[in-house]
């Protein structure tokens, strides 16, 4: 049974990814940072193992991965999903708003991937799936920090894929559009209507749709796919990679 880590894996898109990997018979560990109540509820509902640490902290991440590998087994699949927003127009943005988003959304790519990549290379097999965003592809007003971080995830994916392809390790990137999560549902009704109006399929995405795509990328069936940047946004934005 494959061992998978999903960062930010107890809520929203991360929870859907965790569930999809479980359905594929993986042993899943979902990390989280802040919401103990939600994590415990998710654990009770799914039986998924949960672990709490800051995935932007290299030491905490290395220790967390080491504990998982010693207690459960070597990590076969890493889904870098954790992310935050601190929105604001750039001319008013503080460095704290900038650095918090870059740290959680981009530094976590290093902090979490570095402890697992060596073992994957040694074993000749591994799957890394990084979650970016449509706004990392096209940019978004009020999200200079978020768009920069998510664009960085795309570049990280392409470089890491090249470095590890001959070692049997695939690295791919998923760019969701607007997905029906609690965070999106909390937006004002008029804002939501405006967003849906920009999506050709006429609706928000479902977190389960993202989960299904990630589960495929984590499977043996996706062994020939690496360095790919996959848009799943209902036609809101067409990117060429």
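Here are the numbers:
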read-out: Ranked packing of 143-149, 185-191, most packed first, by mean Cβ within 10 Å; value: 143-149, 185-191
read-out: Cβ-Cβ FRET estimate between residue 212 and residue 46, R0 fixed at 25 Å, reported to 0.05; value: 0.95
read-out: Spatial extent of the chain: Rg and Dmax, with the Cα atoms as the point set, Å; value: 17.0, 52
read-out: With Cα atoms, 0 to 90° folded angle of helix 108-123 axis to the chain main axis; value: 30 degrees
read-out: Simple spin-label estimate for residue 239 and residue 225 in nanometres, 7 Å along Cα-Cβ; value: 1.5 nm
read-out: Relative contact order, percent, the chain [alpha-carbon distance under 8 Å, six or more residues apart]; value: 20 percent
read-out: Rg/Rh (Cα only; Kirkwood hydrodynamic radius) as it applies to the range 1-134; value: 0.99
read-out: The chain, helix-only ellipticity at 222 nm - DSSP H runs n ≥ 4, -39,500 (n - 2.57), divided by all residues, nearest 500; value: -14000 deg cm²/dmol
read-out: Between 0 and 90°, nearest 10: helix 12-23 axis offset from the chain longest Cα axis; value: 30 degrees
read-out: Between 0 and 90°, nearest 10: helix 144-164 axis offset from the chain longest Cα axis; value: 30 degrees
read-out: Pairwise label distance in nanometres, residue 190 with residue 121, each label 7 Å out on the Cα-Cβ vector; value: 5.4 nm
read-out: Cα-Cα separations in the range 117-241 greater than 25 Å, expressed as whole percent; value: 29 percent
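Every read-out reported here was derived from the displayed coordinates using simple, explicitly stated rules and does not represent laboratory data. Only a predicted model underlies this, so the values are computations on that prediction, with no experimental measurement involved. Counting neighbours? That spans all protein chains shown, and the Cβs are built from the backbone with ideal geometry, glycine included.
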